[in-house]
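Some notes on the structure that comes next.
The values are calculated or read from the model by the stated rules, or taken from the named source; none is laboratory data. Quick caveat, the model's predicted, so the values are computed rather than measured. As a convention, Cβ positions derive from the backbone with ideal geometry for all residues, glycine included, and neighbour counts pool all protein chains shown.
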Amino acid sequence: MKFHLRFLLFAILLLPASKGFAQEQFGINIPSGNERNAVCSYFEQSFQNKPKETSFVIKREGNQLFFETNDEKWVKQLFKKPTDGIAVDIVSKKRYDCETTSQPSQVKGKLLAPVYTSEIRKGLKPFENTRYRVAVGTIPISMLKEELEFNILFLNENTLCKYYTIYNLASYPWDLLDMGVYLDSLTFKNEKIVSDSEQAVTRYKTLRFVIPFEKNKSVYDVSDIKPLYDSLRLTDFNIKTIDIKAYASVEGSTQRNMELQQERGSSIASSLQSFQSPEIETAITTSENWVEFFNDISRSKYASLKSLSKNEIKSQLVGQLSKDLEPILADHRKAVVTLELNRIDVYKDKSMEELIGLFNTSIAADQLEEATVIQNSLFEKIKEKVSPEALKQLNIPDQKKYLEFLNKNTMYSYLMDIRLSLIAYNEMKKLAELDPSNPKIQYNLAVLKFVLWRNNAAPIDANQFKSQINDLNKFNIDRALIDRMMINYHIVRAEREMRKRNFNEKDKSVLSILSTYKKVPLTDTDYLSLAQFLTYYAQSSEAVKLVEPRAQQITIDEDLLFYYLNLTMIDKRITQTDAYRTIMLNAVNQNKERYCKLFDPSLEGGVTFQLLEDAFLKSTYCENCQE
């Protein structure tokens, strides 16, 4: 899930009245709490009643600054009195240099002269379709080469009522939990792995396992890897890609640790390649395993090490202390290896026309095992370049004996083109008449019904559908799969009740999801979808609780980890914990460049460098991004 959306979050910061700015403050009054309540009540009400679709931001063009909004009406209603207005605080990233300590203050940078009601009303003009803008100031020449952000002071009668910092947080599209469909076996759309501890599971097309590293050993030959390769039972598959995340224990030279891990990863990849002729695409990343180091020492008598910087810890991990900690450090040297598999296709050199002919001949000769192999080869050809319409040329009798072939044809057409969902659903209902007790057919019917219901493609009775899902238990469908479907049922129901403004019913569905998801094995894609759903329905704290345990594990998906940071890094109650440092180091290990970019200017793709007001975030940023 790599497609990113962006949204803006506005944070209000109003400090107590100060002794005054160390610069021109243009007569702006910074009130105390009681005074603010009296003066700013109208502004408070206007912001509370602001339509959720209304947005505003400061845009820069050269050295000119503009206040930009999509709601002209709301802005003109907000500013009524002559000294109502906007002032821009230009904040430079230099304020957060790692060698300096910034002092809390109401105005963080260069304050520009306010723009008041008459200028705003006259100057607010249409800009780019549904947007409106008004000029609000000019950047001083002395600051043009600096990294800048622009905070907004909203003034009511020249009194500061709102101070806005704009956080540019990443979001991700979310969907229903992947329910999979039954072909030969249950097949998931995203083909995510299922892993039991460190044992690889060959049920799907992606495997993950862990290879421990011996201290100072960098070369892994074929004899080392063969027992592992044999255990994978890859007689029907070739390895298509290898992704190796190699982790070093934290003691010693960082440079040498990275070199050693690269050697180890390359050696593993070469050994796996020796078992097959198709070339394997390989990606190797290396990092020091600070995540598990901090997790493990927090439960030991060496917990005090957590308060030190990484360099300070390295200086301590020598001599006797290194020996004492070796049982812990030994577990941190390993590679997490992910293999993407392709089924070996004995018919891969055959054309589509040849395969269709061979399939029809096999069916006519009642050679059903051979027909299964040919049909799967056809699916691979269709996946690459052919329309699923080609499946109509397969001559499969409408008989119970051939139900597996009919089911797979119907569901594969749907997987290739969701627009065929209604056709597939009607075909599946006919197959259910051939064998009403077939669990694969009943499960696939429910999956297709979800698609139709969510997209309003057919009239679906919600209560009847809920009963149908629960009745899958009668067909010996695994309870976890039924619970997963029930979560999806309530996701769709919450969306529908929300649109109808039936908030009590919407809340019931949300609560049902919260009480059910712990019963269901979840992939990181599922975690991300659920976290997005909960955040959308004002359950951010539940979203944090959902993701937090995964955020401290080195195997977490990168997008899920960075979404957790988006949820939490503006909350000082969370960031000022030892566990959060571990989570940030996990993000640094996963993608250091992406982590550091969070602190770029908000108008240049970052969240905001003003996060560095938080001493805990600044400490991790300076330790890892300013090396």
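Remark: pairs (first residue in the stretch 320-338, at pLDDT below 95; second residue among the basic types (Lys, Arg); Cβ separation under 6 Å; 6+ apart in sequence or on different chains) = Val336/Lys245; Thr338/Arg208.
Would you point out the residue of the stretch 591-627, among those that are assigned to a helix (DSSP H, G or I) and among the polar types (S, T, N, Q), that is nearest to the chain's Cα centre (by Cα)? This residue is Ser602. The number of residues in the stretch 514-525 being in a helix (DSSP H, G or I) and more than 19 Å from Gln590 (Cβ to Cβ) comes to 6. The helices (runs of 4 or more DSSP H) falling completely within the stretch 536-576 that include 3 or more residues that are within 13 Å of the chain's Cα centre (by Cα) and closer than 21 Å to Gln610 by Cα map to 558-568. Taking first residues from the stretch 223-241 that are within 12 Å of Phe275 (Cα to Cα) and modelled with pLDDT under 80 and partners that are surrounded by 14 or more Cβ atoms within 10 Å (Cβ to Cβ) and aromatic (Phe, Trp, Tyr), the Cβ contacts under 7 Å between residues at least 6 apart in sequence or on separate chains come to Tyr229/Phe275. I'd like to know if the stretch 107-130 contains one or more residues that are in contact with a strand residue (DSSP E or B) (Cβ under 9 Å, 6 or more places away or on another chain), surrounded by 18 or more Cβ atoms within 10 Å (Cβ to Cβ) and small (Gly, Ala, Ser). Scanning the stretch 107-130, I find at least one residue that is in contact with a strand residue (DSSP E or B) (Cβ under 9 Å, 6 or more places away or on another chain), surrounded by 18 or more Cβ atoms within 10 Å (Cβ to Cβ) and small (Gly, Ala, Ser), so the answer is yes. Scanning the stretch 356-384 for residues that are buried (at least 17 other Cβ atoms within 10 Å of the Cβ) and more than 40 Å from the chain's Cα centre (by Cα) turns up Ile356, Leu358, Phe359, Ser362, Ile363, Ala371.
When the residues of the stretch 211-230 are filtered to those that are aliphatic (A, V, I, L, M) and in a helix (DSSP H, G or I), the one that is surrounded by the most Cβ atoms within 10 Å (Cβ to Cβ) is Ile225.
Condition check ((1) hydrophobic (A, V, I, L, M, F, W, C); (2) at pLDDT 95 or above; (3) within 21 Å of Asp184 (Cα to Cα)) across all residues:
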position: Gln442; (1), (2), (3): no, yes, yes
position: Asn455; (1), (2), (3): no, no, no
position: Ala462; (1), (2), (3): yes, no, no
position: Phe465; (1), (2), (3): yes, yes, no
position: Asp478; (1), (2), (3): no, no, yes
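Exactly one residue out of Ile382, Ile396 is in a loop (DSSP other than H, G, I, E, B), within 17 Å of Glu354 (Cα to Cα) and of a type outside the set (S, T, N, Q): that is Ile396. Residues that are surrounded by fewer than 17 Cβ atoms within 10 Å (Cβ to Cβ), part of a loop (DSSP other than H, G, I, E, B) and more than 30 Å from the chain's Cα centre (by Cα) within the stretch 436-471 comprise Pro436, Ser437, Ala458, Pro459, Ile460, Asp461, listed in sequence order.
Test Glu558 against the criterion of being charged (D, E, K, R), in contact with a Phe, Trp or Tyr (Cβ under 8 Å, 6 or more places away or on another chain), without any contact (Cβ under 8 Å) to a residue 40 or more places away in the chain and surrounded by fewer than 20 Cβ atoms within 10 Å (Cβ to Cβ), and give yes or no. In short, no. A single member of Asn426, Asn407 is within 23 Å of Met179 (Cβ to Cβ), touching a residue at least 60 places away in the same chain (Cβ under 8 Å) and part of a helix (DSSP H, G or I), and it is Asn407.
Is it true that some residue in the stretch 533-554 is at positive phi and either free of Cβ contacts under 8 Å to residues at least 12 places away in the same chain or touching a Cys at 6+ places or on another chain (Cβ under 7 Å) (or both)? Yes, there is a match, as at least one residue in the stretch 533-554 is at positive phi and either free of Cβ contacts under 8 Å to residues at least 12 places away in the same chain or touching a Cys at 6+ places or on another chain (Cβ under 7 Å) (or both).
Of the residues screened, Thr525 is not one that is closer than 28 Å to Arg95 by Cβ and in contact (Cβ under 8 Å) with a residue 40 or more places away in the chain. Residues that are modelled with pLDDT of 90 or more and among the basic types (Lys, Arg) were ranked within the stretch 26-85; the one that is surrounded by the fewest Cβ atoms within 10 Å (Cβ to Cβ) is Lys73.
Does the stretch 290-306 hold any residues that are surrounded by fewer than 16 Cβ atoms within 10 Å (Cβ to Cβ), without any contact (Cβ under 8 Å) to a residue 60 or more places away in the chain and within 30 Å of the chain's Cα centre (by Cα), and which are they? The answer is Arg299, and nothing else.
The set of residues from the stretch 177-219 being modelled with pLDDT of 60 or more and over 30 Å from Leu406 (Cα atoms) comprises Arg208, Phe209, Val210, Ile211, Pro212, Phe213, Glu214, Lys215, Asn216, Lys217, Ser218, Val219. Among the conditions (1) at pLDDT 90 or above; (2) in a helix (DSSP H, G or I), Arg419 misses just one, which is (1).
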